[in-house]
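Read the figures in this text as sums done on the coordinates, not as results from a lab. Quick caveat, the model's predicted, so the values are computed rather than measured. Don't worry about glycine lacking a Cβ; one is built from the backbone with ideal geometry, like all the others, and counts go over all protein chains shown.
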């Protein structure tokens, strides 16, 4: 499912790994979230990551696939909380 409004909101958030204000909407890498060959996961499974941290996640640097998935899910929860807050100045 595509959700341009969510993607735009996620891109406005700082990177959840390093805090860089220039972030991208990084999609989940797992099939249970809709990922397939040449198909991005559902937009509901996106987190804000800068270019460097996005590459770190996608290339499994320093984490195996299971650890990466656990980290992503933790950051997805954080992202959803950030999006639901009205006062984004706390960042």
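Taking 8 Å as the Cα distance limit and 6 or more residues as the minimum spacing, I'd like the relative contact order of segment 8-85 as a percentage.
It comes to 30 percent, rounded to a whole number.
Here the gap between residue 67 and residue 2, fully extended at 0.36 nm per residue and compared with their Cα-Cα distance, gives a gain of 20.8 nm. Rounded to the nearest 10 degrees, the angle from helix 65-84 to the longest Cα principal axis of the chain is 20 degrees. Please check: in the Gaussian network model of the chain (C-alpha springs, under 10 Å), which one of 29, 80, 64 has the largest mean-square fluctuation. Result for the chain, Cα springs under 10 Å: 64 fluctuates most. Comparing 70, 26, 41, which has the greatest mean-square fluctuation in the GNM of the chain with Cα pairs linked when under 10 Å apart? With Cα springs under 10 Å in the chain, the top fluctuation among 70, 26, 41 is at 70. With a 10 Å cut-off between alpha carbons and a GNM built on the chain, which of 19, 38, 77 moves the most? Among 19, 38, 77, the largest GNM mean-square fluctuation belongs to 38.
Shown for 47, 39: other C-beta atoms within 10 Å of each C-beta, ranked fewest to most, produce the order 39, 47.
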